[in-house]
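Below: one structure, written as structure tokens.
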Amino acid sequence: MLVFAEKGFENASLADLTAAMGINRFSMYASFGNKEQLYVKAMEAFNDMRKQRVTDTLKGPSARESITQLLKEIVDRFTDNIHGVCFVTQAPLNAAEVSDETRELMARRRTEVETAIRERIRKAIKEGELPADTSAKDLARYYAVVIQGFALQAQHGGTREELLRVVDVVMENWPATS
């Protein structure tokens, strides 16, 4: 899983994968099928862990605190050398490399965090934490785009300190209640 998180699907070689697992190519093919099937299995394991962290974080006392915490945790993970940049944003994109089903699965996985944020924002609107005219869909999309930007920045050398300052700027734009 870490090889895919670090290198992305296209750049993870079979040699990288078998070395990380401590097996030979024959064993990899016998156990997982092919590189794409291994990727999907690793993605599902990663996704199960990620979903639980996101769900737990968004249960915070307020939407603003929860989303701030979520963004900070994401920055921490994206800039942590052990974790790798972002498994989901480095998903296979090349039609020649993987099936349509795998690309569609990755697209669904990318929308899951946005959906969880949108539900938390809807709850905040209902509870009066956010103005009634706030678009939960647009605000959640904004945070999803920010998260994808964090992944890209971390991939290209953005530091934890730099990206945490961006979290502060992003949260300064939290919709004000009347």
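Nothing in this text is a laboratory measurement; each read-out follows from the coordinates by a stated rule. All values reported here derive from a predicted model rather than from experimental measurement. Glycine also receives a Cβ, built like all others from the backbone with ideal geometry; neighbour counts cover every protein chain displayed.
What's the magnitude of the charge dipole for segment 45-172 around its Cα centre, counting Lys and Arg as +1 and Asp and Glu as -1 at the beta-carbon? Answer in Debye, nearest 20. So the dipole magnitude of segment 45-172 works out to roughly 260 debye.
What number do you get for the chain when its Cα radius of gyration is normalised by 2.2 N^0.38 Å, N = residues?
Numbers: Rg = 18.0 Å, N = 178, 2.2 N^0.38 = 15.8 Å.
The reported ratio for this selection is 1.14.
Where does the charge balance sit around residue 129 when Lys and Arg score +1, Asp and Glu -1, over other residues with C-beta under 12 Å from its C-beta? Computed value for this residue: +3.
Pick out the long, greasy-scoring helices in the chain: whole DSSP H runs spanning 15 Å or more along their own axis by Cα, mean Kyte-Doolittle at least -1.0.
63-78, 136-155, 160-172
Summary value for the chain: 26 percent relative contact order, contacts being C-alpha pairs under 8 angstrom separated by 6+ residues. Pull up the cross-link candidates among the lysines for residue 59, meaning alpha carbon to alpha carbon under 23 Å and not fewer than 8 places away within one chain. Result set, ordered by chain and number: 51, 72, 123, 126, 137. Each of 57, 134, 115 has some number of other Cβ atoms within 10 Å of its Cβ, and from fewest to most they run 115, 134, 57.
Between 100, 168, 133, the Gaussian network model of the chain with springs among Cα atoms under 10 angstrom shows the greatest mean-square fluctuation at 133. With neighbours defined as other Cβ atoms within 10 Å of a residue's Cβ, the residues 29, 39 order from fewest to most as 29, 39. Taking other residues whose beta carbon is less than 15 angstrom from the beta carbon of residue 172, and scoring Lys, Arg as +1 and Asp, Glu as -1, yields +1.
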